[in-house]
Amino acid sequence: MERSIITMLVLILSSATYGQKKWTLEDCISYAIVNNITLQQVRLQKRSATETRKESKASLFPTLYASSNQSIGYRPWTSTGTMTVTNGTVATDVKKTYYNGSYSMNASWTLWNGGQNTNQLKKDKLNEHQAELDVQETANTIQEQIAIYYIQILYLTEAVEVQREALETARKNEERGKVMLEVGKISKADLAQLTAQRATDEYNIVQAEAQVAENKLQLRQLLEITDGREFDIAIPTTTDQQALESIPSVLSVYEAALAQRPEIQNAKLDIEQSDLQLKIAKAGYMPTVNMTAGLGTSTNSLASNTWGSQMKTNVDASAGVGIQIPIIDGRRTKTAINKAKIAREQAELDLLSEQKKLYSDIESCWLDATNNQQKFRSALLSVESEQAAYNLLSEQFQLGLKNIVELLTGKDKLLQAQQNRLQSKYTAILNQQLLRFYQGESIRI
């Protein structure tokens, strides 16, 4: 009892600590790899492929079956039976009901069928390998989705802070406006615009926080966290230098991806599968040689011998070799061969399609990384320039040299420049990480 209470307390404390943790990107990926339902379903398919491969391997060996049949019979019109003499009296025992029993063991072994069994085993081994590649491909997709959500949350979280700074500035402008209204430097209409700007900035914060919460919900669902525990991510320190790191060339990324991406390897295995299927189809023209063996016995209640004696004397053993030669099969073999050839051509086209898609994805990612890196450099200068311009506008507004419209316009330009800087920064970081992921590296922030 005491041990159970201690165990329960440990579980409760562990659950509480687990719920309070801040999830890093690595934590999210590790958890999803184990718990994502889609990934678990693909793993089950891989296990099923393994069982199929084991069955194909077992088909190369003989099969052995034991069987028994027990039956009861009835002869209503039988008049003869067994006569016995007891104390000088002759008695006739007519048995209308009787029992039969049969017992047998049968074995069969396919000695040769044109290599169908061996090629099927090779094909099922490829199926098993492809199922494992499907697991890797699904895991890659999930990791990419997690990275997108995670970096989007980082961007939106920092964007909220920018919005808070904008709100703080709007509040200060409103307070200054009230003072300036008292001394007659601005009108009530101007103050109303400052108040409206402050209210708009408050709304923008609420909207930005809602976007953060929505992306956290999407990430939580991707991780299959459906209980009531709290969920929040760790906010790593990201530097401008991360967004400005060198970007690998499209060709180098593509060559590395061709060598290790599971979708490409899977498409290549489809071609090998088609070759094996063609061999299996051609085997339809070849003879099949089988070896059979059997051992059986039977009993009958009407026999004069005992059950044990019948089991011994009725033993029947047999062995034989059979051959089946196809002559006319209704064009099944020819059709199977032609379909296998068509499947191979389709597999070759599928490989080209996968390679083209991979190159397109990498090129698109490279363009996004390059363009956003350039945008980020420009945005850094833009923020610096707009900040200086807004500071000057603020001073001139307090001196009455600039009107409220000019001040608010300058503030909007500064806020837009800051948002552009954040968006280009995190988009560049995301696409750089995806390019490295295509090269076989882990996604890390």
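The values are calculated or read from the model by the stated rules, or taken from the named source; none is laboratory data. In this text the structure is predicted, and so the values were computed from the model without any measurement. A quick note on method: Cβ atoms are made from the backbone with ideal geometry, for glycine too, and the neighbour counts reach across all protein chains shown. Keep in mind that these areas ignore ligands, DNA and RNA; they rest on the heavy atoms of the full protein, side chains included. Shrake-Rupley method; radii C 1.70, N 1.55, O 1.52, S 1.80 Å.
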_Using only the alpha-carbon atoms of region 96-157 as identical scatterers, what base-10 log of I(q)/I(0) does the Debye formula give at q = 0.14, 0.18, 0.29 Å⁻¹?_
-0.72, -0.84, -1.10
*Per-residue HN-Hα couplings for region 245-257 [Karplus 6.51, -1.76, 1.60; θ = phi - 60°; Hz; x = Gly/Pro]*: 5, 5, 9, x, 6, 4, 5, 5, 5, 5, 5, 5, 5
_Keeping all protein chains in the complex and leaving out DNA, RNA and ligands, what accessible area do you get for T63 with a 1.4 Å probe, in Å² to the nearest 10?_
50 Å²
*For region 230-272, which whole percent of the accessible surface, found with a 1.4 angstrom probe, sits on carbon and sulfur atoms?*
52 percent
*Just report the Cα centroid separation between region 320-353 and region 174-196, whole Å.*
86 Å
*First measure r as the distance between the Cβ atoms of T195 and A58, then evaluate 1/(1 + (r/R0)^6) with R0 = 60 Å and state the FRET efficiency to the nearest 0.05.*
0.15
*May I ask you to give the solvent-accessible area per residue for the chain, in square angstrom, as obtained with a 1.4 angstrom probe?*
60 Å²
*Would you mind getting me the FRET efficiency between N69 and M286? Use the beta-carbon distance for r and R0 = 25 Å, nearest 0.05.*
0.10
*State the volume of the convex hull built on the alpha-carbon positions of region 367-443, expressed per residue in Å³ and rounded to an integer.*
70 Å³
_For the pair L367/T226, report the inter-label distance in nm, with labels modelled 7 Å from Cα in the Cβ direction._
4.0 nm
*asked:* Can you give me the angle between helix 404-438 and the longest principal axis of the chain, using Cα atoms only, in degrees from 0 to 90, rounded to the nearest 10?
replied: 30 degrees
_Modelled FRET efficiency - R0 45 Å, A317 with K339, Cβ distances, 0.05 increments_ = 0.55
*Within a Gaussian network of the chain (alpha carbon springs, distance under 10 Å), most fluctuating of T370, T239, T138*: T239
*Hey, quick one: spin label on S442, modelled 7 Å out along Cα-Cβ, who in region 222-243 has an amide N within reach, i.e. under 20 Å?*
223, 233-239, 242
*Rounded to the nearest 500, what is the 222 nm mean residue ellipticity of the chain from helices alone, with -39500 (n - 2.57) per DSSP H run of 4+ residues and division by all residues?*
-24000 deg cm²/dmol
*Indicate the gyration tensor shape class of the chain (rounded, prolate or oblate), computed on the Cα atoms with a ≥ b ≥ c the square roots of the eigenvalues: a/c under 1.5 is rounded; otherwise a/b larger than b/c is prolate and the rest oblate.*
prolate
*About the Cα centre of region 356-412, how large is the charge dipole given +1 on each Lys and Arg Cβ and -1 on each Asp and Glu Cβ? Please answer in debye to the nearest 20.*
180 debye
*Take K339, K96, K216, K411 and sort them by solvent-accessible surface of the protein heavy atoms, 1.4 Å probe, largest at the top.*
K339, K96, K216, K411
*Taking the chain as a Gaussian network, where each spring joins two C-alpha atoms under 10 Å apart, which residue of D275, D329, D361 fluctuates the most?*
D329
_Candidates Y155, Y103, Y359: whichever shows maximal mean-square fluctuation once the chain is modelled as a Gaussian network with Cα springs under 10 Å_ = Y103
*If the convex hull of the alpha-carbon atoms of region 173-302 is projected onto planes in all directions, what is the mean projected area in square nanometres?*
27.4 nm²
*Would you mind checking which residues have amide H under 5 Å from W23's amide H? H placed 1.01 Å from N; only 5 or more apart, or other chain.*
D232, I233, A234
